[in-house]
Every structure is written in C-alpha cells, then in structure tokens.
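Quick one: structure below, then a few questions.
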Amino acid sequence: FIQSVSDSLVGGSESIMGLWEREALLFKFGSGTGSNFSNIRGKDEPLSGGGRSSGLLSFLKIGDRAAGAIKSGGTTRRAAKMVTLDLDHPDIEEYINWKGSEEEKVSSLIIGSQLLQKHASEIMSAMWSDGEEFAASDMNTNPSLKSAVVAAVKNGVPEPHIKRIMDLGNQGWRSVNFEVFDSDWQGEGYLTVSGQNSNNSVRVPNHFMDAVESGDDWNLFWRTELAAAEKENRDPEPCKTLPARDLWDQIAYTAWACADPGVQYDSTINEWHTCPEGGRINGSNPCSEYMFLDDTACNLASINLLEYYDADTRTFQTEDFQHSVRLWTATLEISVLMAQFPSEEIAQKSYEYRTLGLGYCNLGSLLMHMGIPYDDDKARAICGALSAIMCGESYATSAEMASFLGPFERYEENKEHMLRVIQNHRRAAYDVDSKEYVGLSVKPLGIDAELCPDDLLDAARDTWDRALNLGTEFGFRNAQTTVIAPTGTIGLVMNCDTTGVEPSFSLVQFKSLAGGGMLKIINNGVKLALTELGYDDNQIDEIESYVMGSKSIEGCSSISRERLTKAGFGEAEFAKIEDSIGAAYDIRGAFNVSTLGTDFCTNVLGLNQEQIDNPFFDVLKHIGFSTSEIDATNDYVFGRMTIEGAPHLNEEHLAVFDCATPCGKYGERSIAWPAHVRMMAAAQPFISGAISKTVNLPSSATIDDIREVYNLSHTTMNKATAVYRDQSKLSQPLMNKLVDTSSMDQEDVNESSTITTENAVQQVIEALPLPAEQAKPLADAYVHNYIATRRPLPDVRESKTMKARVGGHTVYLSSSMYEDGRLGEIMLTTSKEGMAWRSLLNQFAIAVSIGLQYGVPLDAFVKSFTFQKFEPSGMVSGGSGRVKMATSIVDYIFRELAINHLNRDDLAHVLAEDLDSTSISRPEHTPDGIARNVGHQRNIQTTLDVDMMDSPIFDTVDENEEDTQKMEIESDTAYSVAESARAMGFTGDICATCGSSQMVRNGTCLKCNECGETTGCS
C-alpha cells in the first residue's frame, strides 16, 4: 500500500490523523504501508490561523508510536511502515538524523541507568554501612557517604536525584532499585525513543546528484512558499541554503551508523512511470519494491526460479517458466477485485490502474547451481534475461487479457507514456545504444548478448516483441505487472535457499526438525556447482567433508582413537561419544561427565569430586590434549563451514561459492558491495516497480563506502537502494567481544533456600518503606499469618527434575507434588549466570511455591507467565521434549508445568504421541474434548490462631527441609548464542515471535528461518 497525506491535521482520510487511522487498519490485518510526508509544513512555518508549525518530526513521532503499539497488538505480524521525504523539505536534516540520534539516546539510557543504579547502591551502602538503626546521612561524620556522593556527582548523576536517594535512606530505605536498560531492540530502551518502527527513505532527484558532483548549493523551501510560488507562477524563495555535499554526507553518515535512510532516486522512478497523467510517483511500500501513485495497492506473488532448472541437462526450462508467469499474471489480475482496502480512494485507484506485483526468488541459489559466481558479468546477463522474460511475458499476458476485457480504466490518457516505457524495456532487452532510449536521463544496463545463454536471450527478446505488439493493438489490462519483493515468509514455505535477488547467506544451513533438534546440511547448490565445474565424486566428497566435517572422531589425528585408548577409553565410551556428536557443536560437548558417566570419569580418568561437580571442567585438557589439538578436532568433526582452503578446489572457482557474508569463523571472502548494486541494476530495466534488496557491507566499511554505494546505484539506474553495514545497529550483537569476560568468576549456585522466621521478618522489614520500629509489628503479623495458612508438603514427596537449555542457557526445573498429584512446589536454578539472575530465579520459584501452597491455582500462574518475552530466549532442547521454542525462561517453565500438570497440549510444540517411537497415529478426540485439571478451591484462614504465634523456623519452600538437591550443571558453549548464530551465518538477532537466533537479512528487514516471521512487510 502507498497512501497520501495532506498538510491538514484533521478532517478527511488524507489528513494527518486520518492517515494514522488508515495505517492502523492495515497494520491490524498484517499489511504494510508507505507515505511521502513532504506536504506537511516544516518546523516554524507560519500557520493560517496564527502561530508556527511544530514541524514534521512532531507528527512522525505520533505515527511511530501508533505503529509501535499496533506492532505488539496486531493479529498477524508487526507493523511495517515506510516514511519518505523529499530532499528540499525544510526539516530534511532533522529527518535524516532522526533514527541515528534516537539510537544514541538508547546508548545514553543504557549508560545512565547503569551508572544511576551503581551510585544509588553505593550511597545506600555508605548510609547503612555500620548496621545502625538509623541511616548515617551526615557527610561530615560519614566519609564513605561523602566519597560515594562525590563519585556520583563526578559521573554526572543529577544532584536532585542524589538527594532523593539520601532522603529515602533517611526514611528507612536500605536499598533502591531503578530500571536498568539494555540494547535489546524489543526492550524498554528502544521502546522509549522514537523513530524505530519505520523504514526511512529520502527522495533524491537527478539535479541534486548533479549539485553534489559539481559542488553546488542545495535549497530548502517552506511548503507554503512552494504553494504560493506555483499559484503566482514565480520561482520559490528558499528558507535555507546549504552545500549539497554536506547533505549527502549526512545521509551517508547516518546510513553508516544505523542503516537508515535508504535512497529512492526520484527522477529515475518517474522516468519509468507508466501513468504520469495520474500524478507523480512520490513513495513506495515499506520494502521499496512497489512504486506507483499515492493511494494505490497491489498484491504480491513470487516464483521460485530454481524449480525451472534441470540439473541433468543443465538448462533452464524457459517455456515452463513463461507458462507459470502467464498463470500468475492471470491469478493476480483476479485478485484485484478480491482485495480489501482501508479507504475508498485506494479501492478506486486500485480498480482504475489494476497494478500487479509478480516477482521471483532464489536467484542466488540458481546461479550457484549453475556454477556461476554471483559477482560475474554472465550472472548479471542471466539475471537480466530472466527478469526480462518474466516482465515481458507478464505484460504480454496483460495485453491478451485486455483484448478480451479491455485495458485498465486510465489507460487511454496514459497510452503514449506507457508505450514509451514498454519500448524502453524492449530496447534494454536488445541492449541498444543509449541514444535510442526515449525520456531517460540514465542509461539502463541491457542484456549482454555475448554472455547470456542463447535460449534465454531469444526468449527475453521475443516476449518484449509480443508485449509491445499486443499492447499497441489492445492496450494493457494492468498499469504495472512486476516487482522483486523480499519473499521472506513465502520463501520459507517454498524451501528457497535465497530470497529475491539476494545471494546465498551461508554454505551451511541449519534446519529445525519437527521432532526436535537441528539438522546441519550443506547448501544444495554446492554439490551441483562442483559437478558443473568438473570435480569428480571423490573430490566432491572430500570438499564437502572439509566444509561439513566428518561427524565422527574416526580417523582424527589430533584426538586420535589410539591416544584415547591409552587413556582408558573402551568401545562403550567411543559409542557414547559418537552418539553425542550429532547434537554437539563443539567436541568438548561430547567429552563430559554427562556423556561418559561419573564412574568412568572417577575410576578411569581420575577425576575427583570437585572436578566431577565443576560444570566448566575440560575433560580433554585433563587427559592431556592441547587447545590447538581440540580446535583441530573441532574442524575435523564439525567442519570449517567455509569452502576456502578446501582440498582440490581451484582458486578461480572460489567466487562461485562466495556468500553475502563470510562463512563460518574461518571465512574471509564475501561478495563485494558493488556486486549487489550491479545485480540490482541488471534486473531493474525489466521490472515495472523496483527491487527490495539490501546492499550488505562488512563492519569495516567506511562512510565513503556508503556514499559510493549510493553514487553507483544512481549511475547504474537503480530506483532505490538500502544499505546495511554489519553491526551498525546498536541492538545487533558483536561478532567478537571488545572485552573478553569469559574469565570472570562465576558465583556458586545457592546451596540452600532455607531461612529462619527471624530472617523472614527482617527481609519484610527491609522491604517496607517504613522505619524499622513501625515495620516490625507488620512484618511479624505478615510472616506468621503466612505460616498459619499454608498447606505444607509432606517430608517425603514425589518429585521430578527436568534439565533443559533455553536459548543456550541451562535451567533446572524441579517440581514436587502432594499425595493427590497436585503441584505444590517448584525449584529453579541455572548455570553460568550472575548471582543476581540465579537468585532472582530462586526467589521467583519460592514465590510461586508459596502461592501454590496457599491455594493459588497453577492455571492462574500459567496465564500470567506464558508468552512473557525477555532474554534468554530461543530454541529449547531437553526437558520433556515437547517444548521447542520459548520467549523466555519463565515462558518455558510454565509451558512445561502446564503440559505436565494441566494437560495443556495447546502450549506444546510436539505432541506426546509424536515422542513415542511405537505410535503410528493420533488418538481420537472424545466428545468431551481434552480433559483439563481445574483450579483447587479451599477456604483460607484469615485470622491467626494463638498457638501459631510462636511458630518455629520455617522454610520458604518447605518448613522442615534443610538441604536442597545438588544439581549437575552443564557448561555453556564457548560462544554466546548470538556469537554462535553469527558463526553459522546468521545476524545474531533474536526472533520476536519464536525466539530463534536464525535471523538473516531479507531486503531491508530481517527474516527468521525458523518460523518465517519478518521484521517488515515481506
């Protein structure tokens, strides 16, 4: 959808507030929309009723907030929104820097909140350091407090805030907690700032690019002045003049810093406009592939190119492809009358122009299958030919439909313009001299007849001959027919390795299995490409083994079977190791106490109890293997995940296997950014709309590189370009940490959760915002009333402990039941986390347990805590095996409890019968449906019995239990989840829907390879 917006605040659907309503309708039902906001007056422009305008940004922030809210409450996907602005708008500089400056605010919030909490804790500790009854708040007699206050002032903590902390201490508060923000893009830090819920673009005309090249100035104009000058037939007076290069530098810097704004080349877009009599093209949809008149829309569909490649004959099935194009053009034409629209204007114009959005995907994978590098002139010739066949055949089909149904309603007034555009498309297919093009400032990249396969070249030219001939005779049923969309979600359904015109993102792919676990497979195109390049089967097997690994330690020279046998390993241990390799990503994960067994590790390897209990103990180093030997074994067993350095591979063939980013931790090669731009330029002359694609750059790319990307995109006649410099977003995890924190000491897991009544009373006193003397009677009554009404568990009870990994973090969940099987207690712990996080989980489990023992139904907890989103989150392994993804550890815990104690199969990802190897069918549903437990109701005593007042020591989970079970803790992998994901070729971001870390760049957005969710409209 592309929607218009006027300079009117309210009144009518085109007003500013009317646009938010229309956008809300689209967001609610899962679509995306874009608008050009250049009609809105700039900051301080005079208003007709007196006063000054608050400026464009003030209104954009309203829309941004609305999109952010609907993103959370929408029924199908997050809001997808494009904001576009002309370069001569008076607020253009503020707009260009909007998103970047807001991200800097997030950094400030993170730093400030951490400093504030740190100094608040230090001030409170200084005031209560002596354990006295009253706070020591006099800095003259308390030097520790004075030092803490001075340190806070030096670090920029506002003095009024310091005074507030000290005032709380004087009122009996012993601690104060402020919210500490982080860089999670779904966290409160990002939610607090504006500008994060849209893709931002600028409209760049040719005369601006000329001004940049010549070093001329650029004028900005009041919107009211432009309207007055047009009415009075005079040149407008600028409100501000600045060097064009300065503005271009601002665009390049901000795109380098935060990936926005993208650039839309206004002159090129409108020179290829088929219907200029209906108005100029001012904007686009959120991913910039659909570009047409305001208040229009089109439906999208994409064809998987790889399905038409015959690997046996090594040819592309052109006729089959053309037939599919014809079918989908007709299908999309039918969809015009079936579509639903948010306003009468959009419905009317969509009917009058009948624009379609047919595209393709998997181009990158097709080229690899053909053994052709993505960055190659032949690849660009093939891309151009395929794009030409699709667009030409689609226009020819549209003309055929027009012969029966008539052309689109506004065709006659635009006939001359549209036939000019069709002729330019045809000229590009024949790659004519630049002088033969009509009405174009920049020459398109035609199909190179010397490099393009003859069958594709002939088909491309034939389709455009037919499109022009039929269109001249009958007109066209549709004003536009083709775009190149990101194809994120549907690409997953179509099993595409690559989306749109994107190259492959990795040679090794990870597929989730329905029954749980991950399947590591090599890119489908690698073997066929090697065959195409002339390698024999044995060479191909060795190359694939180099990339993927042997998946076994057999034959490994670094950690050899012989050395392990000398260390005491037998056939039983070797079998255990081989079985565990499939689920591991590091060889250390196969050599641990959990795999080998405690008896073997103790009696044969000689591990003492401390080493057995140490979750981070390295068994391989204990045996005598060095770090280099372990690393070499990892490469042998799990592969290097890159083809660079593979045996038998010729150096000149490496380019065939280049991907968007370096592959694995050893990969150094990737597709250079000019190849991305030139591939878009090869397709653009044969696309009605534009191309949604991101130009990927490494983190080392400079601002000059970004500027050159935009310059090259202009000179190669692209309509729009978006860039993404790796790790430019504050929310994206770094591939390599700036500071190694792996050696930081880890606190031990709390050995016991038992406390005394006196301690419990003291904790309540500290929590109450009252002086200790006033708080003590209330605390006594609170604690003893709880003891009086609890239903404790018996000393001997049935318990079950589950061990799982959520997003790479190990968690242990122990549940204990009453005699009737009802849940009465849970215990939680986790490994390799800070003391605060472990303690928080422990105290959370205590609070839930107390609630259960006081009769709070488990279902109430499940409703409150499932689907809560925070880190760690992501893929789940272990546990019952029925939960595969969780949005947080708390979400996982209550999914497991609901599944096991409430029969809540709706919260499981895997059915119980699917885990049963003997199951061959699903059980039938009974007429009564699925049985569910109901909440337990009982009377709660609200008065305190006299004989309970002297209650002895109580346990916050169980009154008589003194010790908690000591749990085995599994070591986390050497890399964090984000780092591991990036080593596998993903971005390191976490999917907001399923929690997976398998996010890849997709057009201007991100796509999840697990569930297909995207962060945009694809």
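The values are calculated or read from the model by the stated rules, or taken from the named source; none is laboratory data. These numbers come from a predicted model, not from an experiment. For neighbour counting, all protein chains shown are included, and Cβ atoms are generated from backbone atoms with ideal geometry for every residue, glycine included.
Of these, Val10, Val5, which one is surrounded by fewer than 20 Cβ atoms within 10 Å (Cβ to Cβ), of a type outside the set (Asp, Glu) and in a loop (DSSP other than H, G, I, E, B)?
Only one candidate passes the filter, namely Val10.
Keeping to region 472-511, report how many residues are farther than 26 Å from Leu367 by Cβ and out of contact with any Ser or Thr (no Cβ under 8 Å at 6 or more places or on another chain).
2
Of the residues Ile251, Ile269, Ile281, which is assigned to a helix (DSSP H, G or I) and farther than 27 Å from Glu102 by Cα?
Result: Ile269 is the single residue among Ile251, Ile269, Ile281 that is assigned to a helix (DSSP H, G or I) and farther than 27 Å from Glu102 by Cα.
Now for a separate question. Of the residues Ser839, Ser815, which is of a type in the set (Ser, Thr, Tyr), crowded, with 18+ Cβ neighbours inside 10 Å and assigned by TED's automatic domain parsing to the domain that holds His909?
Ser815
Name the single residue, out of those in region 30-57 being surrounded by 20 or more Cβ atoms within 10 Å (Cβ to Cβ) and of a type in the set (D, E, K, R), that is farthest from Ile346 (Cα to Cα). Outline the logic, then answer.
Taking region 30-57 and keeping what is surrounded by 20 or more Cβ atoms within 10 Å (Cβ to Cβ), we get 31-42, 45, 53, 56.
When the remaining residues are screened for being of a type in the set (D, E, K, R), the result is 41, 45.
Details: Arg41: 24, Glu45: 30 Å.
Looking at residues that are surrounded by 20 or more Cβ atoms within 10 Å (Cβ to Cβ) and of a type in the set (D, E, K, R), I get Glu45.
Restricting attention to region 450-462, and to residues there that are in contact with a Ser or Thr (Cβ under 9 Å, 6 or more places away or on another chain) and not in a loop (DSSP other than H, G, I, E, B), which single residue is nearest to Asn362 (Cα to Cα)?
Leu456
Across region 826-844, which residue is modelled with the highest pLDDT among those that are hydrophobic (A, V, I, L, M, F, W, C) and more than 31 Å from the chain's Cα centre (by Cα)?
Among those residues, the one meeting the criterion is Ile826.
Looking at region 255-266, which of the residues that are buried (at least 23 other Cβ atoms within 10 Å of the Cβ) and not in a loop (DSSP other than H, G, I, E, B) is nearest to the chain's Cα centre (by Cα)?
Step by step, filter region 255-266, then rank; the result is Cys258.
Whether any residue in region 433-442 is buried (at least 23 other Cβ atoms within 10 Å of the Cβ) and out of contact with any Gly (no Cβ under 7 Å at 6 or more places or on another chain) is what I want to check.
no
Answer yes if at least one residue in region 370-381 is of a type outside the set (A, V, I, L, M, F, W, C) and in contact with a strand residue (DSSP E or B) (Cβ under 6 Å, 6 or more places away or on another chain), and no otherwise. Give the steps one after another, and end with the answer.
Of region 370-381, the ones of a type outside the set (A, V, I, L, M, F, W, C) are 371, 373-378, 380.
Those still in the list that are in contact with a strand residue (DSSP E or B) (Cβ under 6 Å, 6 or more places away or on another chain) too: none.
Looking through region 370-381, none of the residues is of a type outside the set (A, V, I, L, M, F, W, C) and in contact with a strand residue (DSSP E or B) (Cβ under 6 Å, 6 or more places away or on another chain).
Under 7 Å between Cβ atoms, which residue pairs at least 6 apart in sequence (or on different chains) link something in region 39-58 that is touching a residue at least 40 places away in the same chain (Cβ under 8 Å) with a partner that is acidic (Asp, Glu) and not in a loop (DSSP other than H, G, I, E, B)?
Pairs found: Leu57/Glu94.
Any residue at all in region 334-342 that's of a type in the set (Gly, Ala, Ser), under 22 Å from Leu367 (Cα atoms) and either over 30 Å from the mean Cα position of the chain (by Cα) or assigned to a loop (DSSP other than H, G, I, E, B) (or both)?
Scanning region 334-342 turns up no residue that is of a type in the set (Gly, Ala, Ser), under 22 Å from Leu367 (Cα atoms) and either over 30 Å from the mean Cα position of the chain (by Cα) or assigned to a loop (DSSP other than H, G, I, E, B) (or both).
Within region 13-39, restricting attention to residues that are in contact with a Leu (Cβ under 9 Å, 6 or more places away or on another chain) and part of a strand (DSSP E or B), which residue is farthest from Val202 (Cα to Cα)?
In this case the residue turns out to be Gly32.
Among what's in region 95-149 and is of a type in the set (Ser, Thr, Tyr) and within 17 Å of Trp173 (Cα to Cα), pick the residue that is modelled with the lowest pLDDT.
Among those residues, the one meeting the criterion is Ser129.
Between a residue in region 425-449 that is free of Cβ contacts under 8 Å to residues at least 60 places away in the same chain and part of a helix (DSSP H, G or I) and any residue that is of a type in the set (Phe, Trp, Tyr) and crowded, with 17+ Cβ neighbours inside 10 Å, which pairs come within a Cβ distance under 7 Å, given they are 6 or more apart or on different chains?
Arg426/Trp464; Arg427/Tyr437
A follow-up question, please. Which one of these does Thr595 not meet: (1) surrounded by 16 or more Cβ atoms within 10 Å (Cβ to Cβ); (2) assigned to a loop (DSSP other than H, G, I, E, B)?
Thr595 satisfies all of (1) surrounded by 16 or more Cβ atoms within 10 Å (Cβ to Cβ); (2) assigned to a loop (DSSP other than H, G, I, E, B) except (2).
Still on this structure, please answer the following. Could you check Glu271 against (1) surrounded by fewer than 17 Cβ atoms within 10 Å (Cβ to Cβ); (2) modelled with pLDDT of 95 or more; (3) not small (Gly, Ala, Ser) and say which number it fails?
(1)
Among Lys349, Lys378, which is the only one that is among the basic types (Lys, Arg), buried (at least 24 other Cβ atoms within 10 Å of the Cβ) and either at pLDDT below 95 or part of a helix (DSSP H, G or I) (or both)? Lay out the reasoning, then the answer.
On the way: Lys378 fails: buried (at least 24 other Cβ atoms within 10 Å of the Cβ).
So the residue among Lys349, Lys378 that is among the basic types (Lys, Arg), buried (at least 24 other Cβ atoms within 10 Å of the Cβ) and either at pLDDT below 95 or part of a helix (DSSP H, G or I) (or both) is Lys349.
Now, a different point. Report yes if Ile577 is surrounded by 13 or more Cβ atoms within 10 Å (Cβ to Cβ), assigned to a helix (DSSP H, G or I) and in contact with a Leu (Cβ under 7 Å, 6 or more places away or on another chain), otherwise no.
Considered against the rule, which asks whether it is surrounded by 13 or more Cβ atoms within 10 Å (Cβ to Cβ), assigned to a helix (DSSP H, G or I) and in contact with a Leu (Cβ under 7 Å, 6 or more places away or on another chain), Ile577 comes out as no.
Right, next: If you go through region 805-825 one residue at a time, do you hit one that is assigned to a helix (DSSP H, G or I), at pLDDT 85 or above and not small (Gly, Ala, Ser)?
No: region 805-825 contains no residue that is assigned to a helix (DSSP H, G or I), at pLDDT 85 or above and not small (Gly, Ala, Ser).
Just wondering, is there one or more residues in region 298-307 that are acidic (Asp, Glu), under 23 Å from Asp7 (Cα atoms) and in a helix (DSSP H, G or I)?
no
May I ask you to list pairs of residues, at least six apart or on different chains, whose Cβ atoms are under 8 Å apart, with the first in region 307-321 being surrounded by 13 or more Cβ atoms within 10 Å (Cβ to Cβ) and the second being among the small types (Gly, Ala, Ser)?
Between residues of region 307-321 that are surrounded by 13 or more Cβ atoms within 10 Å (Cβ to Cβ) and residues that are among the small types (Gly, Ala, Ser), the close pairs are Tyr308/Ser324; Thr318/Ala459.
So, of the residues in region 638-674 that are under 30 Å from the mean Cα position of the chain (by Cα) and part of a helix (DSSP H, G or I), which turns out to be nearest to Phe505 (Cα to Cα)?
Filtering region 638-674 for residues that are under 30 Å from the mean Cα position of the chain (by Cα) and part of a helix (DSSP H, G or I), the one nearest to Phe505 (Cα to Cα) comes out as Phe657.
If Pro407 satisfies every condition in (1) assigned to a loop (DSSP other than H, G, I, E, B); (2) surrounded by fewer than 16 Cβ atoms within 10 Å (Cβ to Cβ); (3) not aliphatic (A, V, I, L, M) but one, which is the exception?
Evaluating Pro407 over (1) assigned to a loop (DSSP other than H, G, I, E, B); (2) surrounded by fewer than 16 Cβ atoms within 10 Å (Cβ to Cβ); (3) not aliphatic (A, V, I, L, M) leaves (2) as the failure.
For a quick check of your reading of the model, give me the residue pairs whose first member lies in region 555-583 and is modelled with pLDDT of 90 or more, whose second is surrounded by 13 or more Cβ atoms within 10 Å (Cβ to Cβ) and among the acidic types (Asp, Glu), with beta-carbon atoms closer than 6 Å and at least 6 apart or on different chains.
Ser558/Glu629
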